[in-house]
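The values are calculated or read from the model by the stated rules, or taken from the named source; none is laboratory data. The shown structure was predicted, so the numbers you read here are calculated from the model rather than taken from an experiment. So basically every Cβ, Gly included, is an ideal-geometry build from the backbone, and we count neighbours across all protein chains shown. For the accessible areas, the whole protein counts, side chains as well, though only heavy atoms, and no ligand, DNA or RNA atoms are used. Shrake-Rupley method; radii C 1.70, N 1.55, O 1.52, S 1.80 Å.
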Amino acid sequence: MLGGSWRAPCRQAEASRCCRALCRAELGHHAARSLPHPLTSCSRPAHGEPSPRLVGSSLTRPLRGSIQTHTTKNSSGTSAAYVQELLKDDSVPIERAPTRLTTTGRVIAIGDLHGDWRKTVDSFRTAGVINVTEDSEIVWTGGDAIVVQLGDVMDRGDHEIAIVKFLRDLDDQARQHGGAVYMLNGNHESLNICGDFRYVTPGAFVESALYAGLSEQDLRDWDLLARVRYAVYRPGGPMAVELSKNPTVLIINDTVFAHGGLLPVHVNYGVEKLNAEVSAWMRADQTADGGKALPPFLAMGDSSSVMWNRTQSKEKFPSQHERYHACGALRQALEMVGSKRLVVGHTPQIGGANCECEGLVWRLDVGMSYGVLNRPVQVLEISRDGNEDILTVLSDAPVSSDSEDNGIVGI
């Protein structure tokens, strides 16, 4: 059993100053809980609502480009080496994350989802890009629209892999109509790949175990669940490889999308280079000196990195001096990449979706997940009227009376 905490094997991470600080899975508060019925947390969304499903889709079908689902017999006492071998697959093709795209269709931005299946479906429904049929099948209706999910699908909720698969399968549908669905990598994706499972729910441990093919009788062995999760998410593991297909920074037309923020130092380093290096680390690519690729510090290393930055997400700056410098740095970064605005998640906005710096940054983490604030869904729509961009916040609930103070444009 998991005796208060569990540390992921950090052999690869020891060489990285980024992961050395992150690679500590303190699970005491989870281990103290009794595990619910093995399928309770992963077989239905919160509040017991029926679970919509994609047309022709099943969670038992492997993620695109990932390994086939394995079935195991009784594996009590299974070693870490065994579960890593169970999930080993050398045949996965490399899929490069995009950095720049152009489109004439709508662009939709969706904030942090944190394992909340119901809010995920509601977000796409609010954006007007899916239809849920009477048979609970999900059908893409967004035409050539592009959806960008801003990262942090992982942690705080039970349906992480289900949501990633939902995004991939919906992307397949969208591309048949000229659209697409992209997911960015956020700080909680990087935490899991580093082996830091502090924010993982019991249901998400069960979900990753079921994904790996463990039997129901194994689902009460917390030590085994933690080791299996590490094997699934470690660099080179199947979920890490799947997440390596996500960009860290994505530019569509003249809008930049990133999880936390964008600074001139990031642009000087190169956003394409950041994307490539994050993906190489997640895939555990071999370097010229025979080692493994390390995560770029500017992407995820500290509070000024792309994934962790909060300087552009403060609802109320402590002073006009700080606001001046934050907005000035953002303006400079946007000019360097030839864009008009930045759209971010990462920092929950108590007043709802809003913009700052005269529209240079839009903040879309509204804390909608039941594991965060359980707030109403809000998404950002960017459409074009001739040469002018029209930005609208779409909501599944009435906008609060103080929305004007927060820069919300209601519908």
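Normalised by 2.2 N^0.38 Å, where N counts its residues, the alpha-carbon radius of gyration of the range 253-301 equals 1.27. Annotation: extensible slack from ARG96 through PHE297 equals 70.4 nm (criterion: 0.36 nm per residue apart, minus Cα-Cα distance). The length gained on full extension between ARG198 and GLU388, counted as 0.36 nm times the residue separation minus their Cα-Cα distance, comes to 64.0 nm.
With the convex hull drawn over the C-alpha atoms of the range 124-194, the volume per residue is 96 Å³.
Model label sites at ASP135 and HIS321, defined 7 Å from Cα along the beta-carbon direction, differ in position by 6.5 nm.
Protection proxy ranking, highest mean first, for peptides 290-301, 207-218: 207-218, 290-301, where packing is the per-residue count of other beta-carbon atoms within 10 Å, averaged. Where both bridge residues fall in the range 80-395, DSSP classifies roughly 60% of the beta bridges as antiparallel.
For the range 309-316, 3J(HN,Hα) computed residue by residue from phi via the Karplus equation (6.51, -1.76, 1.60; θ = phi - 60°) reads 5, 10, 5, 9, 10, 6, 5, 9 Hz, glycine and proline entered as x. Expressed as a whole percent, the accessible surface of the range 80-395 that belongs to carbon and sulfur atoms is 48, based on a 1.4 Å probe. Placing dummy labels 7 Å off each Cα toward the beta-carbon, the span from SER215 to ILE350 is 5.2 nm.
Using 0.36 nm times the number of residues separating GLU335 and GLN286, minus their current alpha carbon distance, what extension gain do you get?
Details: separation 49, 0.36 × 49 = 17.64 nm, distance 3.49 nm.
Full extension from GLU335 to GLN286 adds 14.1 nm.
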